[in-house]
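Comments concern the structure below.
The values are calculated or read from the model by the stated rules, or taken from the named source; none is laboratory data. Computed from a prediction, not measured in an experiment: that's the story for all the values here. Cβ atoms come from the backbone with ideal geometry, glycine included; neighbour counts cover every protein chain shown.
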Amino acid sequence: MILTRQRILIGAGLLVLILVPLLSSAFYITLLNNIGMYALATLGVVLLTGVAGMTSFGQAAFVGLGAYTTAALIGPSVFGLGAMAGAPWLALGLGLLITLFAALVLGLLTLKLSGHYLPLGTIAWGMSLYSLFGTLESLGGHTGIADLPPLRIAGFVLGDGPSMYYLIWGSVLLAALLIHNLLESRMGRAIRALRGGQEMATSMGVNVFHAKMVAFLIAAGLAGVSGWLYAYTQRFVSPAPFNVQSGIDYLFMALLGGITSLWGGLIGSSIVVLLREWLQDLLPMLLGRSGNFESIVFGLLIVVVMQRWPGGLFGAVSTLLARRFNFAPQSQARLPDAGLAVRALPRRERTTPGERVLDVRGVTKRFGGLVANNDMSLQLSAGEILAVIGPNGAGKSTLFNLISGVMTPNGGDVIFRGHRVNGVSPRLLAQSGLSRTFQHVKLLPEMTVLENAALGAHLRGHKGVLASALRLDGEDEGCLLNEARQQLERVGLGDYLARPAGSLALGQQRILEIARALCADPCLLLLDEPAAGLRHKEKEALAELIRKLRDEGVAVLLVEHDMDFVMGLVDRIVVMEFGQKIAEGQPDDIQRNPAVLRAYLGGVDE
Ligand code: ADP
Ligand code: MG
């Protein structure tokens, strides 16, 4: 129902797009062309900043790079390469290649930066590229390159606004479609996972740097195509439109429209271009003097929109419509086709019953002068449930982080399935069968329950960026989503597949994290306080699930405060206090152990 309504809307929109140039004046066609070119680059900002969480002020510089390389290749005299005037596709290909190469180099230099340094880095190279355009005499300095030939495709000359219009908007729609496809795929989930934090993403097996680089290169590539179109539309390039101020404009467009959605990118660029055009005429007339008043209005507009609608205009309108027409907050993300016979994903080699899966040997972890873990040892075998308990501050989470690869011990060894894994990245640990949940739930709240779970199966799929964008990943994706659905049904979340994860109760979110971990087909499952926030019935179901996993041969290590939950469930308990092991044994013995009683009665439990 929602889908058909959406299809009708998209169909109507397409029809309008096709008819517009036949009905409007040259002036409006020029405006629409500008909107299209802006939209193309803004889609890149949506992907890079809104979806992947990397703020970039440098998008305009990449548009400039695309425009300048095109101009240099097809222009009258630069580098004597004007011969490419008749080869627009070659110019596009070469221009893209150069833009992507520059993006690769800049990405290698900046993407490892964290926090504020990344946006600052983008400002730095945005300024450098802009200066480069203006300084190089061979690129015409500040006057730029003029007299570019029109675009010729298959004998047709695209020399005027209307003919460029179809090329520009065709490119925008194609780009939007490809990115839409990508985002709803294995690689897309990896890119979206970046916003859930590095720790979560790598624990799911995502190669964080690779995912960042993919988003960065796609954003730069879109800017490059926009620049190519720009050179042919304007038939003139100069440095001015590609300065850092323009880089900020692209961010504004995305923010105003809705930075997390492709629609937001389209809406934002339309509104900014149209408003700017009208305000430029209207404000000086109203105020009786000339000046850049529209910039002030835009500044205020951005502040107001950010305050009132952090999801931009698209977010505001969709919430309004959802309320007005009473939509359930369902996502239209892909669901596994019920009728399709998908093969089950291959499983990893099973552990043998009783195999020593985890062997922690005398690990020590210091934070400055504080010894958070002091000579801690524990062993865990396949088909066993072990709980680590202890008062608050005892060092349980630190131990958990040492085992899961988030921290490296200062001394001692962590042996996982016979291999020493000190300092091995969480991604590689995930690959060899270690899955975990987080004490503070780390889900992607806007993503569906199904997609969140499917993220856990990341390493069990293989299709990359291109296959996903072109929707050639149907079988791979079907298998992943099917696995996710099965694990969700197994943990009792089968009725919530299409709901945004953020709409679940906290207890259900914890269960969802377990389903996500199970999607990786683990042989060691680390659960950080899995019962926190669960109701009695939910705890019983969780205990049942953990027992079932044990019977299947999974080794389960859990950190937990809920004693009733632990005592009735686990095979063995390790008790920590002040970073050390003070007791180890079966639940009955632990409950009677004097050292444990002292620690719990003497210390303050959470
Ligand atoms: P638990 O999980 O048992 O409550 P933690 O492992 O979180 O205990 O903490 C053990 C001790 O190490 C505490 O004193 C805590 O303040 C300290 N600690 C934990 N993580 C860090 C860190 N990243 N930097 C400095 N001190 C830390
Ligand atoms: Mg803790």
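More than 21 Å from ILE18 (Cα to Cα) and more than 18 Å from the chain's Cα centre (by Cα): which single residue out of LEU136, LEU183 fits that description?
The unique qualifying residue is LEU136.
Among the candidates VAL449, VAL421, single out the residue that is more than 16 Å from ligand 2 (Cβ to nearest atom), free of Cβ contacts under 8 Å to residues at least 24 places away in the same chain and touching a strand residue (DSSP E or B) at 6+ places or on another chain (Cβ under 8 Å).
VAL421 is the lone residue from the list that is more than 16 Å from ligand 2 (Cβ to nearest atom), free of Cβ contacts under 8 Å to residues at least 24 places away in the same chain and touching a strand residue (DSSP E or B) at 6+ places or on another chain (Cβ under 8 Å).
When the residues of the range 454-474 are narrowed to those that are in a helix (DSSP H, G or I) and under 23 Å from GLU349 (Cα atoms), which ends up farthest from the chain's Cα centre (by Cα)?
The selected residue is ARG460.
Can you name every residue in the range 19-33 that is touching a helix residue (DSSP H, G or I) at 6+ places or on another chain (Cβ under 8 Å), among the hydrophobic types (A, V, I, L, M, F, W, C) and closer than 20 Å to LEU266 by Cα?
VAL20, ILE29, LEU31, LEU32, listed by residue number.
Just checking, which of GLY268, GLY291 is more than 30 Å from SER138 (Cβ to Cβ), small (Gly, Ala, Ser) and surrounded by fewer than 18 Cβ atoms within 10 Å (Cβ to Cβ)?
GLY291
Look through the range 392-408, keep the residues that are within 15 Å of TYR600 (Cα to Cα) and crowded, with 23+ Cβ neighbours inside 10 Å, and return whichever of them is nearest to the chain's Cα centre (by Cα).
LYS396
Which one of the conditions (1) crowded, with 24+ Cβ neighbours inside 10 Å; (2) out of contact with any Pro (no Cβ under 7 Å at 6 or more places or on another chain); (3) among the hydroxyl-bearing types (Ser, Thr, Tyr) does SER203 fail to meet, given that it meets all the rest?
(2)
Mind listing just one residue for me: the one in the range 306-341 that is touching a Leu at 6+ places or on another chain (Cβ under 8 Å) and modelled with pLDDT under 85 and, of those, surrounded by the most Cβ atoms within 10 Å (Cβ to Cβ)?
Going through the qualifying residues, I end up with PRO336.
Right, ARG308: without any contact (Cβ under 8 Å) to a residue 60 or more places away in the chain and farther than 29 Å from LEU222 by Cα or not?
yes
What number goes with the only condition from (1) surrounded by fewer than 14 Cβ atoms within 10 Å (Cβ to Cβ); (2) over 30 Å from CYS479 (Cα atoms); (3) not small (Gly, Ala, Ser) that VAL172 does not pass?
Just one mismatch for VAL172, condition (1).
If VAL414 satisfies all but one of (1) free of Cβ contacts under 8 Å to residues at least 40 places away in the same chain; (2) among the β-branched types (Val, Ile, Thr); (3) closer than 25 Å to ARG347 by Cα, what's the number of the condition it fails?
Among (1) free of Cβ contacts under 8 Å to residues at least 40 places away in the same chain; (2) among the β-branched types (Val, Ile, Thr); (3) closer than 25 Å to ARG347 by Cα, VAL414 violates only (1).
Considering only residues that are farther than 16 Å from GLU544 by Cα and either crowded, with 21+ Cβ neighbours inside 10 Å or among the aliphatic types (A, V, I, L, M) (or both), which ones fall in the range 564-576?
Result: ILE573, VAL574, VAL575, MET576.
Here is a list: LEU217, LEU262, LEU256. Which entry is under 23 Å from the mean Cα position of the chain (by Cα), among the hydrophobic types (A, V, I, L, M, F, W, C), crowded, with 17+ Cβ neighbours inside 10 Å and closer than 22 Å to LEU111 by Cα?
LEU217
Considering only residues that are farther than 17 Å from LEU174 by Cα and of a type in the set (Gly, Ala, Ser), which ones fall in the range 253-268?
Matches in the range 253-268: ALA254, GLY257, GLY258, GLY268.
Please tell me if PRO391 is at pLDDT 95 or above and at negative phi.
no
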